[in-house]
1. Among the helices of the chain (complete DSSP H runs), which have Cα atoms covering no less than 18 Å along the helix axis and a Kyte-Doolittle mean of at least 0.5?
2. Quote the charge dipole size of the stretch 193-290 about the Cα centre in Debye, to the nearest 20; the model charges only the Cβ of Lys and Arg (+1) and of Asp and Glu (-1).
3. Pull out the extension gain between ALA219 and VAL290, defined as 0.36 nm times the separation in residues minus the alpha carbon to alpha carbon distance; nm, one decimal.
4. Across bins of 5 angstrom width beginning at 0, how are the C-alpha pair distances of the stretch 87-308 distributed, in whole percent?
5. Quick one: dipole size for the stretch 125-244, taken about the Cα centre, charges +1 on Lys/Arg Cβ and -1 on Asp/Glu Cβ, in debye to the nearest 20.
6. Taking the square root of 5 times each eigenvalue of the Cα gyration tensor, what semi-axes in Å does the equivalent ellipsoid of the stretch 186-261 have, largest first?
7. Charges only on Cβ, +1 for Lys and Arg, -1 for Asp and Glu: so what's the dipole of the stretch 87-308 about the Cα centre, in debye to the nearest 20?
8. With runs of 4+ DSSP H residues as the only contributors, calculate the mean residue ellipticity of the chain at 222 nm using -39,500 (n - 2.57) per run, divided by the residue total and rounded to the nearest 500.
Amino acid sequence: MATAERIAGTPGRTDRRTGRPRPTAGRITGRTLLYLALAVIGVVMIAPFAWMVLTSLKTPADIASAHPHILPRTWEFHNYLDAFKAAPFAVYARNSFIIAVGHTVLNVVFASMAGYSLARLPYRGRSLFFAAFVAALMIPTYTKILPEFLIVRFMPLAGGNDILGQGGTGWLNTWWALIIPGAITPFAVFLFRQFYLDLPVELEEAARLDGVGEFGIYARIMTPLVKPALTTVALLTFQESWNNFLWPLLVTQKDSLRVIQVGLSVFQTENHTQWQFLMAGTTLATLPMVLLFVAGQRYFVQGLATTGIK
């Protein structure tokens, strides 16, 4: 018995309870090194967030000290309340939430429809449309800002503009400018198409035999089966919209339409930066995305992993 126990970890031996091969010494060492490497990478990635939170709880003297400490000498939790009093962050957060939810709903609904049509509906030019969406993925975001701004600025019959888009401000300083441009992304259409392609044809054929229309097949049969894609698109869209800074800065001047990312700039001036308030506001702006990712992590990872193997 003792001899059997000593050689239990050798190759070819199996666990009597599970029936699986026992790990060898080499596999244990490799797995340990992998976990150590992942732990180091995790620490490196979380370090900026930890620094942000700790800085938000420091005094200005601690931040400007020639010999700074990692932990605050005095834990200033009231920095968060002072940051909210410095600007109407409740309004900024409300605006960011409305815009992010609007983008998410529009992107999920219309991109899923487009992805379904590219994957399941036979019609002429389908391949060309799909190629156009793939080509759109290659266009850098910042190269589209100027054309989009000109479209918003010279929108006909909006903001005092005439039929030719002249004489007024168009959609500038309106919710239309914040929600409509960029609401539907080529990546979302591509992702939905990949998921719809993988669904069995027998499902829609059986639904047609039961008299279900095409929209009913899309909404009631196919779409409930692509929950990972729905969650992935929703999370990515909400995250991109919530963190958007440049576009809201360009198309709004009213304080009532400012978003939280633009509102954080009140703590940065040409000669001085209030780091404790800036980090407090940034922490609060980051918190919703962390909670959303934790809530949808399983579907998010599954969606990206499944897309990669198709």
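What follows is calculated from the coordinates using simple rules that are stated; it is not laboratory data. Here the structure is a predicted model, which means the values were calculated and not measured. Cβ coordinates were reconstructed from backbone atoms using ideal geometry, including for glycine residues, and neighbour counts include every protein chain displayed.
1. 25-56, 89-120, 275-295
2. It comes to approximately 340 debye.
3. Here the answer is 22.6 nm.
4. 1, 6, 12, 14, 15, 15, 13, 10, 7, 4, 2, 1, 0, 0, 0
5. In total the dipole reaches around 280 debye.
6. Ellipsoid half-lengths, sorted descending, are 38, 13, 9 Å.
7. In debye, rounded to 20, the stretch 87-308 gives about 20.
8. So the helix-based figure for the chain works out to -19000 deg cm²/dmol.
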